[in-house]
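Please treat every number below as a calculation from the coordinates, not as lab data. Only a predicted model underlies this, so the values are computations on that prediction, with no experimental measurement involved. Backbone-built Cβ (ideal geometry, glycine too); neighbour counts: all protein chains shown.
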Amino acid sequence: MTETSTNTVTIGTVKIGAREPLAVIAGPCVIESMDVMRKTAETLSALARDLGIGLVFKSSFDKANRSSGGSFRGPGFDEGLEVLSRLKKEFDIPIISDVHETWQVEKASQVLDALQIPAFLARQTDLLIAASDSGLPLNVKKGQFMAPQDMALVIEKVSSRPNFKGICLCERGTTFGYHNLVVDMRSLAIMRDMGWPVVFDATHSVQLPSAGQGRSGGERRFIPTLARAAVAVGVDAIFMETHPQPEKALCDGPNQWPLDQVKELWTNLRDLHLYLKNKERI
């Protein structure tokens, strides 16, 4: 893929774009205990510094889209923002989290460095406009039901707002029959041609939605395969959820990457990204 994403998005101190180092958006799927959150943030921030990777820490205060009404959703809006604020200050890292409703945007934007729009809400015009009006950059996940070309309409909705600060387009797999997703790597190139950075969600792309008696499954072993393929195609950032003990995670455990295996994967992705960048310069 050529360097067609002419725009750079800045989240805190992290720059995401075609001429920038590989960035990662990473953290536990949902906010759990402070011990889990602090251990993950400490480990990821140290790794990012050592590897020269830009880190944006991600975790959700509320997972409103759950297979079952009894699934764990997180601590809620106010408590969740407080946790994210503490992590941001303690580890000096930019923070991103999902917003699901327009009323959440104003208060969330006082804590977060970027707003994420969940895949199922990628066509919610009022939410997109409110998020853009916050003056924060956006990471919008392409809905599982959307073609990559549809994201041009998302860009149109948010980029016309006076406080627009940039958008990242995130691929997280497309519905492929029941309880399965498929990643069309052409999607990454198509969205990159729209001029904005592209993020590949390596963990939700291996999810098996609603496949396991009221909760989603996942095929964690394919995360490195798809992440490497996406970096080879030329994405600007990798999104991945990680947990110290995925088998005990309260949300999306089957498709979270083990925290103690992050270093090896990130090193591999960074080296591949650097190799391809150097090849482009020759």
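Observations, loosely collected:
- Three-way shape call for the chain based on the alpha-carbon gyration tensor, with the a/c threshold at 1.5: rounded
- Extension gain, ASP260-ARG19: 0.36 nm per intervening residue step, less the Cα-Cα distance, totals 83.8 nm.
- Our helix-only sum for the chain, with -39,500 (n - 2.57) per DSSP H run of n ≥ 4 divided by its residues, gives a mean residue ellipticity at 222 nm of -10500 deg cm²/dmol.
- Distance violations [Cα-Cα > 24 Å] among LYS58/LYS277; LYS165/LYS277; LYS39/LYS63; LYS63/LYS141; LYS89/LYS157; LYS15/LYS263: LYS58/LYS277; LYS165/LYS277; LYS89/LYS157
- Between the range 229-282 and the range 89-133, the Cα center-to-center distance that results, in Å: 23
- Net length gained if the chain between GLU219 and THR175 were fully extended (0.36 nm per residue, minus Cα distance): 14.3 nm
- Overall form of the range 1-145 per C-alpha gyration tensor (a/c, 1.5; a/b vs b/c): oblate
- Within the chain, percent of DSSP bridges classed antiparallel, to nearest 5: 20
- A Cβ-based charge dipole, computed about the Cα centre of the chain with Lys and Arg at +1 and Asp and Glu at -1, lands at about 420 debye.
- For the range 67-125, applying the loop criterion from DSSP together with a ceiling of 14 other beta carbons within 10 Å to the GluC sites (Glu not before Pro) yields GLU101.
- Residues in the range 101-124 that a label on PHE91 would reach, taking backbone N under 17 Å of a point 7 Å out along Cα→Cβ: 112-114
- ASP50-ALA147 FRET efficiency (beta carbon distance; Förster radius 51 Å; 0.05 resolution): 0.85
- Taking label positions 7 Å along the Cα-Cβ direction at both ASN163 and MET34, the computed distance is 3.1 nm, reported to one decimal.
- For the range 177-282, the gyration tensor built on C-alpha atoms gives an oblate shape. Its axis ratio a/c (a ≥ b ≥ c) is at least 1.5, and a/b is not larger than b/c.
- Summing Lys and Arg as +1 and Asp and Glu as -1 over all other residues whose Cβ lies under 10 Å from the Cβ of VAL9 gives a net charge of 0.
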